[in-house]
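No value in this document is a laboratory result; all are computed from the given coordinates. What you see is a predicted model, and the numbers here were worked out from it, not measured in a lab. Here Cβ is always computed from backbone atoms with ideal geometry, including for glycine, and neighbour counts include all displayed protein chains.
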Amino acid sequence: MGEALDKLISYCLAAYTFIVIGFFIYFPIAILYVYSVNDTPYFIPEWRGFTLEWFAKIVQRQDLLASIWNSLIIAVFVTCISMAIAIPPSFYLVRRRGRIRDIYFLYTIIPFIVPWIIIGVADYILFWYLGIEKSLMTAALAHVVYSIPLVIIILTPRIYSLDPALEEASMDLGADELTTFKNITLPLIAPSIASAAIITFAWSFDNFIVSYFTLGNELTWPVWVFSVIGKVPRIMPVINAMSVIVITVSSIAIYILAKKGLTELI
Amino acid sequence: MSNSLEPEGVFRRFKYIIKYLAGNLPSLAYLLLLFYLPIAILFAISLTRPRKYIVTWEFTLENYVKVFLEPTYYRVLWNTFVIVSVATILLIVVAYPIAYYLARIAPAIGDKLLLYMIIPVEVNYLIRIYAWRVILGENGLLNMLLISLGIVEKPLTIFFYSWFAVVIVIIHEYLPYVVVPFYLNLRGIPREIYEAAMDLGATRLQIIRTIVLPMSKPGLLSVIFIVFIPTLGEFAIPSLVGGQTGLMIGNLIDRYLSQFNLAIGATLSFFLLLFSIIISAIMIRIFGYEALYTR
């Protein structure tokens, strides 16, 4: 009796899980795929035949291509800068104890536990106050603010789980700190660094709110989509087509990286 | 002998300090210049008398009083709080069984399914909001379906440009991020504990009530940090699908900034900041820092 009930519960949970993932998570994305090849500029529940016209139109939209390019540039810049700035404090925060460390931890983490809009608005006001003209650069600078704590949050638990005996052994055998770091520590945390870099890149590429407040005339992909939705006629299918490309490429990339064990996304 | 060692000791100490400064100064300085200093300016501006296009630098507290007294503000603040709370609670209710299933019943496929759940969300925040417009809109697929099934005669307008739409889209955006911490929590419970409980004759329900749920508390906390606080500042979702009933504080901040009414925009932002920090502080007090790490 108990066994049968257990089985029944398991089946119900399985069905529930697959329905939620299959229908709820994937349904809106499936719709984008369908309409990116449906031969109509409108969202009508009707199949008008297969077309690749919308994909061809992507190339005609210079603003769209520029926005993708801008997003990529910002994401690369943000990833490099925030990794360089945030890796050393991650070690410090793990290996120190005491009051200064706790305060420092809070100091670096607070930008992460406030809504992104705060970073956007604060930097918007800063750039206005200093009279700096907003551009891709100002947006990238603002992205680094939430990326620093992001990298720290991803890295610290993994640095914490490193066995300090390995580094001590290396030092005992006469290696100096730099050699030890290069040959022992770095290879051990390389996967974590890779995942921190990938998540930082993805979040920056995807970020809307911070970009929205700190960009100038050149837009990133999410901000561009926001700026044309409902305003530019017949742009929807082109957005669909581009979205399909972005989703496909990013999904394949994430899948491969996860498969190869290069990144721990979870 | 001992004298000759001393300068070297000082030198090493000096090197040590230099090393830590070189490692930590950039992050300290960066966050100071691009986060804490701007917040200070924001706070100063929030205390000035609102004037369009300029900041007057006449200090007053009236903006903060207004936030609580003028219905246009406090209604939206309340609305934000309700939307985010409802979405967070629903997210927990929807996500928990999935996490439980993946972690305890089907652990062999758990990691994989979770990956498939996360893949579509990593890079497509705005696109997915936009996809929901297609489903929930007045001529959207949901209405078409209801009409063709004969459930309603005319398209319903409640799905779109509403509070309801905002909650649905928030749930869709954040669901994987809520499943993950619960999943990690549940996986972390050692098998032996279950076996011991079962050996002692506990039923599955008893095990869930006395072991599984209490041990999911840290997951609950990360949900506050991953969903509740970030969505308080949500702005794209309400502007794209929210309409009048789905208005949130982010829309107000955007409205005042684009009208270049900096004082009010700054007041609302600072209020949101304070609120987030107070909630975080309470949570960290109760549960400790570890909760921040479960992502």
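Taking the average, over residues, of other Cβ atoms within 10 Å as the packing measure, peptides A:151-164, A:95-108 rank A:151-164, A:95-108 from highest down. Per-residue mean of foreign Cβ neighbours for B:20-29 is 5 (Cβ atoms of other chains, 10 Å radius). Extension gain for B:Phe11 to B:Leu205 (0.36 nm times residue separation, less C-alpha to C-alpha distance): 63.4 nm. At R0 = 41 Å, how high is the FRET efficiency between B:Thr60 and B:Ser85 if r is their beta carbon distance? Nearest 0.05 is fine. Using R0 = 41 Å, I get an efficiency of 0.80. The alpha-carbon positions of chain B define a convex hull whose volume is 244 Å³ per residue. Projecting the Cα atoms of B:Tyr125, B:Ser269, B:Val178 onto the dipole axis of chain B, where Lys and Arg carry +1 and Asp and Glu carry -1 at the beta carbon, places B:Ser269 farthest toward the positive end. Applying a DSSP loop filter and a limit of 16 other Cβ atoms within 10 Å to the trypsin sites (Lys or Arg not before Pro) in the range A:32-89 leaves A:Arg48. In terms of other Cβ atoms within 10 Å, B:Ile226, A:Ile239 run from fewest to most in the order B:Ile226, A:Ile239. As a proxy for reagent exposure, ranking B:Phe182, A:Phe43, B:Phe287 by other Cβ atoms within 10 Å from fewest up yields B:Phe287, A:Phe43, B:Phe182. Between helix A:236-259 and chain A there is an angle of about 30 degrees, using the helix long axis and the longest principal axis of the Cα atoms. In this Cβ point-charge picture (+1 for Lys and Arg, -1 for Asp and Glu), the protein assembly as shown has a dipole of about 480 debye about its Cα centre. Take A:87-94, B:207-214, B:144-151, A:187-194 and order them by the average number of nearby Cβ atoms within 10 Å per residue, most first; the result is A:87-94, A:187-194, B:207-214, B:144-151.
In the protein assembly as shown, a dipole from Cβ-located charges (positive for Lys and Arg, negative for Asp and Glu) runs towards its positive end, and of A:Ile199, B:Met144, B:Gly219 it is B:Met144 whose Cα lies farthest in that direction. Relative contact order, percent, of the range B:5-80 when contacts are C-alpha pairs under 8 Å separated by at least 6 residues? Once divided by the residue count of the range B:5-80, the mean separation gives 14 percent. Ordering B:Lys19, A:Lys7 by the number of other Cβ atoms within 10 Å of each residue's own Cβ, fewest first, gives A:Lys7, B:Lys19.
Mind running the shape call on chain A? Use the C-alpha gyration tensor, a ≥ b ≥ c as the square roots of the eigenvalues: rounded below 1.5 for a/c, prolate if a/b tops b/c, oblate otherwise. The shape class here is oblate. Ordered from longest to shortest, the equivalent ellipsoid semi-axes for the protein assembly as shown are 39, 33, 25 Å, each the square root of 5 times a Cα gyration tensor eigenvalue.
Measuring between alpha carbons in the structure, the pairs from A:Lys231/B:Lys52; A:Lys57/A:Lys259; A:Lys259/B:Lys217; A:Lys134/B:Lys52; A:Lys182/B:Lys112 lying more than 22 angstrom apart are A:Lys231/B:Lys52; A:Lys57/A:Lys259; A:Lys259/B:Lys217; A:Lys182/B:Lys112. Remark: mean inter-chain Cβ contacts per residue of B:258-264 equal 1, using a 10 Å Cβ-Cβ cutoff to other protein chain atoms. Here the range B:2-46 yields Rg over Rh of 1.41, to two decimals, using C-alpha coordinates and the Kirkwood radius. Over chain B, DSSP H runs of length four or greater, each weighted -39,500 (n - 2.57), average out per residue to a 222 nm ellipticity of -22000 deg cm²/dmol. The distance between label points at A:Ile245 and A:Val34 comes to 2.4 nm (points 7 Å beyond Cα on the Cα→Cβ vector). Which residues does the label zone of A:Trp69 cover in the range A:204-219, counting backbone N under 15 Å from a point 7 Å along Cα→Cβ? Answer for this model: A:218-219.
Restricting the calculation to alpha carbons of the range B:151-295 gives Rg and Dmax of 20.6, 68 angstrom. Per-residue shielding of A:17-29, expressed as the average number of other chain Cβ atoms within 10 Å of the residue Cβ, stands at 6.
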